[in-house]
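Only one structure is covered here, and it is reproduced in the block below.
The values are calculated or read from the model by the stated rules, or taken from the named source; none is laboratory data. Keep in mind the model is a prediction, meaning the values are calculated, not measured. Glycine also receives a Cβ, built like all others from the backbone with ideal geometry; neighbour counts cover every protein chain displayed. When the accessible area is computed, the model is the full protein with side chains, heavy atoms only, and any ligands, DNA or RNA have been set aside. Shrake-Rupley method; radii C 1.70, N 1.55, O 1.52, S 1.80 Å.
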Amino acid sequence: MTILLRIEALSVQADGKTLLEPLSLNLAAGECLTILGETGAGKSLLMHAIMGTLPPPLTASGRILLGDTDLASLERSARERLWGQQLAMLPQEPWHSLDPLMPALQQVAEVHECVHGQAPEQAQQTATQALTGVGLEAAAARLPGQLSGGMAQRLAFCAATAAGAPILLADEPTKGLDASRRDQVATLLRQHAQQGALLTITHDVEVARQLGGTLLVMRAGHLLESGDAQAILAAPQHDYTRALIAADPRHWPAPLVAAVTGAPASEPVLEARGLRLKRGGRQLFEGLDLRIEPGEILGIAGDSGCGKSSLGDLLLGLLPADAGVVTRRPGVAAHRYLKLYQDPPAAFAAGVPLRRLFDDVLRLHRLDPAKLPPLLERLRLRPELLARPATEVSGGELQRLAIARALLLDPLLLFADEPVSRLDPITAREVTELLVQSARERGCALLLVSHDAEALARACDRHIRLG
Amino acid sequence: MLQLILRRLLQAAFVTWSVGTLSFVLMRLLPGDMEFRIAAGRYGYDHVDLAAAEAVRAELGLDRPGWQIYLQWLGDLLRFNLGDSLVSGLPVSHEIAHLLGHTLLLAGAAMLIALLIAAPVGVWAALRAGGWFDRLSLLVSALLRAQPVFVIGLGLLLVFALEWRMLPVAGFDGPRYLILPALTLALAMAAVSSRVVRHSAAEVLRSAYFNFARVKGLSLRQALQRHGARNAALPVVVFLGIQLASVIEGVVMIESLFSWPGVGHGLAHAVFNRDVPMIQGAAMALGLLFVALNLLVDLACHLIDPRQRSAH
Amino acid sequence: MPRLFASLSTSQRVGAGLLALLVLFAVLEGLLGRTDPALQNLAQRFATPSLAEPLGTDPFGRSMLARMGAALRLSLSLSLVCVLTSALIGVALGIAAGWRQGWVDRALSFVLNVVLALPGLVLILLVAGLAPGSLLALYVAISLVLWVEYFRVVRAITRQAVASQPMQASRMLGFGWRYCLRRHVWPALVGPVATLAAFGAAGSIMALAALGFVAVGLRPPTAELGLMMVELFPYYSDAPWVLAQPVLAVFLLVLGLNLLAGKRA
């Protein structure tokens, strides 16, 4: 088995601080090597250190051997010549990594022109084949802004690998994709590994399982355990690995939170008939009927850009529908239909201590301030957090604070727009569980949006799919 | 596309209406009777007497209420009947046509020179962002921007025309006369637009898509050509549209400074002499030039950005 | 006030310092100076700077110290009044248009398009032509041009804030417009409006000087920076230090304001 890439004691520092602890690994031909861990700290730096794209204050030390050459000792221009042809990197944000003014096909074809010196027509043909291979032939003439998240990721895959590099580095390749799109991308990556080698960074246990091969589990720049992927996932040694696996929606208990039995059937909190919405010339949905019972937990699944958020805004009356009607239960105050945002800071005015925002709500609705402490405790929040502005509180805590503020108003319906997609998996599970529990305890209906149908299947009473 | 043109046509209508109305008010505010001034405009001050004024009054119906005269005034405007200059007695439209050519020459030359300075300076500063060239160009730009454009002109005039006698001082009699006014205007424009180019180019160089183009295997030159130029040009062209107003303002000041026989000089002169038909004609010419240049910028944006084309 | 100063960058502090010096000079000269800026003394043409005449005299023997003081007071106070007027009108109408949208927005945007149809200086020239030599006409004309910029920016920011998720969240929680204005719109406006005010002041100083320069603004013997440049330019080789004074004054005023406005292209 030939080793294509050997990394010896590679670490990353910035201003005397070590951000990535020394790490060694071998990547053999045909191998899939996956690094599993929370989003953020350390993992992405490894990719950039290997490529040689670390932004200025960051420096790498250690050896990166490609065959016999140590990349760390090469000039920058020599390393740049390896890009595409020896080392390819799949970007984390495919949408932002594609030129917004260039049609999809050209973004792949130009690589064949520039790197392989093909004539424009021939390059277009080669690129068309590649796009057909990933099911994008119909999107060849579209601009990136007109592609869905899954399509953009597949296009980025074609573009990144067009120059023919055997080694592919993939940084969170399935971020924001729903299960079926995620499986498609995992398949593409596995196929590529057979002709070269693959190094993937992911927080998604399921992706790690599908890719197989060797698995490294990391947290905050430290290596916790490594070995055969299936073996580790079947019998994890480290507590963190166990927590990570348990946080994967597939391993959630079903149901996540037991339903309260015997809820008497009564008037629905919201009813929608024949909803239709068009966005950017695309029909998102049509003839959609929805009836939400009190205390019901309803999931909405779908790919990014399929109109999940718009549907929620439509139901809450924040967006006019192209057709159809939404009726709320009559005689209920407007502020009992509320929303939780995907981006937790979005719920709070910036630059003001959170306590003041909570006081504002308590005063406006003449609520008893004594209601707040037990609610915070229920959501496992320290009251001291309220002294800080929203920007200085972690995403998981902020999302729970947003839930607490909503629950103060005793809502009938909460629309939660991917409330945990920006959180790491362990926090995501905790927040989802707390959200569903709190809704159940108060008999509040919950509309839970997610790209992860597995999570919805376990957290919700029923779920629908868009797109 | 059609929408763009319609929007600018509407703007042209605004220009005509607002200039016409202001000029009408101006005419009514002038001391003395309107018919005397119009008669003076027609026959010269020496030949104006009560009879001539009476004839004008009867012919133009100046006894009518103000709003009727106002409507007729606007009607004349729409037929490009701008009247005669109160100073020279010549038809305003002829004079403006003569002046407009010079103004177009000056503005065109200035914009071309500004582009030739701003584009390379801005791109070079962006490629070495934070380096000595970037900081030097920022300093020069800040110093230039802290002067009204005519002070830059005064400085160039002192050095190149009066001290070194390399170039003519003022007027227009051959291409050498174009150099100083065009350069002055260009420096003032480039001081701002070089920074816009720099920011836009730096933005593109930092962008995820530019880095991805490199990682795909494109060389720096290829990535700049294919992904840099167009993406960076878009905000610059949009900014050019905003800068156009200051180009026209610069034309007024520079033409006055260098006695350049253009519309801006004509306007300042006419305001000084209270030559209302000429004020109206010159202001309208500058306003319509502004609209036309804006339309060109709109069309350029439309050509560069495929997203706009597919949106319509 | 100390907190405000601490939030400024180094270049903004330099700008504030420059302006403070110029204002100080203008005010002190006004309080202590006893010379009439229009008083001629033909025996004293182009006197070089001395103890009695620290800035020398002009071709009519008028005190440059008195003239510079008067000119600076004129420029500074005109720009201040213009900025206050235009900011007040622009911000109020901008918030109204950005918030209400609908017909209020369309009506105000129509007015905006009428004003924007002409380059600012051409409009100022036209209005100046209505009342030659009148300071009031200049004030009205400059404010008329300046408010547009506030209106545009404030309208755009207000629209954005009104559509933003934090404000959407507040509205859903039942908060009214007063609360949203205070918590969401106003904090977003303060910075950009301050920047615009500094640029606007620089713009009105330059516009006043430009009008004087093309001889359609204020009339002699008013001491006005642009007018002084035209008057003194013919004597550039006899008395360069005299010509340099109004040029330097405009330069320092505008530089100070631009620095204070902060980094923006």
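Mind checking the angle between helix B:2-29 and chain B's longest principal axis? C-alpha axes, 0 to 90 degrees, to the nearest 10.
With rounding to tens, the tilt is 40 degrees.
How large is the accessible surface of B:Met166 in square angstrom, using a 1.4 angstrom probe and rounding to the nearest 10?
Only protein atoms counted, so the area is about 100 Å².
Kindly compute the accessible surface that chains A and B hide from a 1.4 Å probe when together, both sides summed, and give it to the nearest 100 Å². Intermediate results must be reported in sequence, preceding the final value.
Details: alone 20630 and 17000 Å², together 35660 Å².
Separately minus together, A and B give about 2000 Å² buried.
List the trypsin sites (Lys or Arg not before Pro) in the range C:4-52 that DSSP assigns to loop (not H, G, I, E or B) and whose Cβ has at most 13 other Cβ atoms within 10 Å. Which are they? Write down the numbers at each step before the final one.
Working: sites: C:Arg13, C:Arg34, C:Arg45; in loops: C:Arg34, C:Arg45.
Here the trypsin sites (Lys or Arg not before Pro) that fit, given the DSSP loop and packing criteria, are C:Arg34.
For chain B, just list the percent of Cα-Cα distances falling in each 10 Å bin from zero outward, please.
Over chain B, the share of Cα pairs per 10 Å bin runs 6, 21, 25, 21, 15, 7, 3, 1, 0 percent.
Calculate the tail of P(r) for the protein assembly as shown: the fraction of all Cα-Cα distances greater than 53 Å, expressed in %. Intermediate values should be presented prior to the final figure.
On the way: 187307 of 544446 pairs.
The proportion of pairs with Cα distances above 53 Å equals 34 percent.
With unit charges on the beta carbons (Lys and Arg positive, Asp and Glu negative) and the dipole taken about the Cα centre of chain A, which residue among A:Ala162, A:Pro374, A:Leu386 sits farthest to the positive side?
A:Pro374
Two decimals is fine: what's Rg over Rh for the range A:251-465, C-alpha atoms, Kirkwood radius as Rh?
On the way: Rg = 17.0 Å, Rh = 17.8 Å.
Rounded to two decimals, Rg/Rh equals 0.95.
For the range A:37-135, place one equal point scatterer on every Cα, skip the solvent, and apply the Debye formula. What is log10 of I(q)/I(0) at q = 0.20 Å⁻¹?
The Cα Debye sum returns log10 ratios of -1.11.
Specify the angular offset, from 0 to 90 degrees and rounded to the nearest 10, of the alpha carbon long axis of helix A:395-408 from the longest principal axis of the alpha carbons in chain A.
The angle comes out near 10 degrees.
Among all helices in chain C defined by DSSP H, which have a length of 15 Å or more along the axis from Cα atoms plus a Kyte-Doolittle mean of at least -1.0?
Numbers: long enough: C:10-32 (32 Å, 1.61); C:64-100 (53 Å, 1.48); C:102-116 (21 Å, 1.28); C:120-130 (16 Å, 2.99); C:135-163 (42 Å, 1.36); C:186-213 (40 Å, 1.59); C:240-261 (31 Å, 2.00).
Going by DSSP H runs, the hits are C:10-32, C:64-100, C:102-116, C:120-130, C:135-163, C:186-213, C:240-261.
Could you state the accessible area per residue of the range A:331-465 in Å², with a 1.4 Å probe and every protein chain left in place?
Here the per-residue accessible area is 39 Å².
In straight Cα distance, which lysines are under 23 Å from A:Lys43, not counting same-chain residues fewer than 8 positions off?
Here the lysines satisfying the reach criterion relative to A:Lys43 are A:Lys17, A:Lys175, B:Lys216.
When the helices in chain C are scored as -39500 (n - 2.57) per DSSP H run of 4 or longer and the sum is shared across all residues, what 222 nm value do you end up with, to the nearest 500 deg cm²/dmol?
Roughly -24000 deg cm²/dmol at 222 nm, from the helical runs in chain C.
Helix-only mean residue ellipticity at 222 nm, chain A, DSSP H runs n ≥ 4 weighted -39,500 (n - 2.57), per residue, nearest 500. What is it?
On the way: 16 runs with 162 residues, N = 467.
Helix contribution divided over all residues of chain A: -10000 deg cm²/dmol.
Relative to the isolated chain, which residues of the range C:135-179 have their accessible area cut by 20 Å² or more in the presence of all protein chains (1.4 Å probe, heavy atoms, no ligands or nucleic acids)?
Buried by 20 Å² or more upon assembly, which counts only protein chains, are C:Gln165, C:Pro166, C:Gln168, C:Ala169, C:Met172, C:Leu173, C:Gly174, C:Phe175, C:Tyr179.
Given a 1.4 angstrom probe, what's the average accessible area per residue across the range A:1-112, in square angstrom? Don't jump to the answer; show the numbers that get you there.
Details: 4680 Å² over 112 residues.
Each residue of the range A:1-112 exposes 42 Å² on average to a 1.4 Å probe.
What is the Cα radius of gyration of the range C:1-105 over 2.2 N^0.38 Å, N being its residue count?
Working it through for the range C:1-105, the quotient is 1.62.
To check you understand DSSP bridge types, tell me what percent of the beta bridges within the protein assembly as shown (both residues inside) are antiparallel, rounded to 5. List each step's numbers first, then the result.
Working: 39 of 76 bridges.
Given both bridge residues lie in the protein assembly as shown, the antiparallel proportion sits at roughly 50 percent.
So, with +1 on the Cβ of K and R and -1 on the Cβ of D and E, and no other charges, what is the size of the charge dipole of the range A:251-465 about its Cα centre, to the nearest 20 debye?
On the way: 29 positive and 27 negative charges, 77 e Å.
I would put it at about 360 debye.
Suppose we flag trypsin sites (Lys or Arg not before Pro) only when DSSP calls them loop and at most 16 other Cβ atoms lie within 10 Å. Which is the longest uninterrupted stretch of chain A?
On the way: sites that count: A:Arg81, A:Arg142, A:Arg366, A:Arg380.
Longest stretch, sites excluded: A:143-365.
Any chance you could get the radius of gyration and Dmax over the Cα atoms of the range A:3-248, in Å?
Calculated on Cα positions, Rg and Dmax stand at 17.9, 55 Å.
Within straight cross-link reach of A:Lys308, meaning Cα distance under 16 Å, which lysines are found once same-chain residues fewer than 8 apart are removed?
By straight Cα distance, A:Lys308 reaches A:Lys278, A:Lys339.
Kindly provide the chymotrypsin sites (Phe, Trp or Tyr not before Pro) of the range B:206-290 that DSSP labels as loop, not H, G, I, E or B, and whose Cβ sees at most 10 other Cβ atoms within 10 Å. Working shown, then result.
On the way: sites: B:Tyr209, B:Phe210, B:Phe212, B:Phe239, B:Phe258, B:Phe272, B:Phe290; in loops: B:Phe258.
Sites meeting the loop and neighbour criteria: none at all.
Ignoring ligands and nucleic acids, what accessible area does C:Ile95 show with a 1.4 Å probe (Å², nearest 10)?
About 30 Å², ignoring ligands and nucleic acids.
Taking the Cα centre of chain B as origin and charging only Cβ (+1 Lys, Arg; -1 Asp, Glu), how large is the dipole, in debye to the nearest 20? Numbers along the way, then the final one.
Details: 24 positive and 19 negative charges, 445 e Å.
It works out to roughly 2140 debye.
In the range C:197-244, which residues become less accessible by 40 Å² or more once every protein chain is in place, relative to the chain on its own, using a 1.4 Å probe?
Those are C:Met206, C:Phe213, C:Val214, C:Val216, C:Phe233, C:Tyr236, which lose 40 Å² or more relative to the chain on its own.
Could you state, as a whole-number percent, how many of the C-alpha pairs of the range B:92-183 are farther apart than 22 Å?
Working: 1868 of 4186 pairs.
For the range B:92-183, the share of Cα pairs beyond 22 Å comes to 45 percent.
Which residues, if any, in the range A:96-118 lose at least 50 square angstrom of accessible heavy-atom surface (probe 1.4 Å) when the other protein chains sit next to their chain rather than the chain being alone?
Checking the loss per residue gives A:Ser97, A:Asp99, A:Pro100, A:Leu101, A:Glu110, A:Cys114.
Total Å² of accessible surface buried at the A-C contact, 1.4 Å probe, nearest 100? Show your work: numbers first, answer last.
Working: alone 20630 and 14400 Å², together 33660 Å².
Counting protein atoms only, the buried area is about 1400 Å².
Amide H neighbours of B:Trp260 under 5 Å, at least 5 residues apart or on other chains, H built in the peptide plane: list them.
The list, which skips near neighbours in sequence, is B:Gly171.
Using a 1.4 angstrom probe on heavy atoms only, work out the carbon and sulfur share of the accessible area of the range B:140-181 in %.
Numbers: 1330 of 2010 Å².
Accessible surface attributable to carbon and sulfur in the range B:140-181 totals 66 percent.
Could you work out how far the C-alpha centroid of the range C:5-39 sits from that of the range A:413-447, in angstrom?
59 Å
Helix A:149-161 sits at what angle to the longest principal axis of chain A, using alpha carbons and giving 0 to 90 degrees rounded to 10?
10 degrees
If I take R0 = 51 Å and measure r between the Cβ atoms of A:Leu58 and C:Phe233 in this structure, what FRET efficiency does the formula 1/(1 + (r/R0)^6) give, to the nearest 0.05? Walk me through the intermediate numbers first.
Values: r = 57 Å, r/R0 = 1.11.
Computed FRET efficiency for A:Leu58 and C:Phe233: 0.35.
Tell me, what is the per residue accessible area of the range C:196-257 in Å², probe radius 1.4 Å? Provide the component values of the computation, followed by the final result.
Details: 1720 Å² over 62 residues.
Per residue, the range C:196-257 has an accessible area of 28 Å².
In chain C, what percent of the accessible surface is made up of carbon and sulfur (1.4 Å probe, ligands and nucleic acids excluded)?
Numbers: 8140 of 11840 Å².
Roughly 69 percent of what the probe reaches on chain C is carbon or sulfur.
On average over all directions, what projected area in square nanometres does chain C have, based on the convex hull of its Cα atoms?
Numbers: hull surface 67.8 nm².
So the mean shadow area of the Cα hull is 16.9 nm².
Just the number, please: buried accessible area between B and C, total of both chains, 1.4 angstrom probe, nearest 100 square angstrom. Mind showing how you got there, number by number?
Details: alone 17000 and 14400 Å², together 27910 Å².
Summed over both sides, the interface buries about 3500 Å².
Report in % the part of the accessible area of the range A:249-372 that belongs to carbon and sulfur, leaving out ligands and nucleic acids; probe 1.4 Å. Don't skip to the end; give the middle numbers.
Details: 3070 of 6010 Å².
Answer for the range A:249-372 is 51 percent, counting heavy atoms of protein chains only.
So, R0 is 30 Å and r is the distance between the beta-carbons of C:Leu32 and C:Ser9; what FRET efficiency does that work out to, to 0.05?
Working: r = 34 Å, r/R0 = 1.14.
For C:Leu32 and C:Ser9, the calculated efficiency is 0.30.
Once amide H atoms are built 1.01 Å from N in the peptide plane, which residues 5 or more positions from A:Gly84, or in another chain, come under 5 Å H to H?
Amide H to amide H, under 5 Å and 5 or more residues apart or across chains, A:Gly84 pairs with A:Met89.
State the Cα centre-to-centre distance between the range A:1-72 and the range C:103-163 in whole Å.
First find each Cα centre; the distance between them is then 58 Å.
Which residue, B:Ala53, B:Ala201, B:Ala190, has the most motion in a Gaussian network model of chain B that connects Cα atoms within less than 10 Å?
Sorting by GNM fluctuation, first place goes to B:Ala53.
Per DSSP H run of at least 4 residues, take -39500 (n - 2.57); add these up for chain B, divide by its residues and hand me the 222 nm value, nearest 500 deg cm²/dmol. The partial results should precede the final answer.
Numbers: 14 runs with 239 residues, N = 312.
Calculated mean residue ellipticity at 222 nm is -25500 deg cm²/dmol.
Quick one: putting +1 on the C-beta of Lys and Arg, -1 on the C-beta of Asp and Glu, what dipole do you get for the range C:106-206 around its Cα centre, in Debye to the nearest 20? Walk me through the intermediate numbers first.
On the way: 8 positive and 1 negative charges, 106 e Å.
Charge dipole, the range C:106-206, about its Cα centre: 520 debye, nearest 20.
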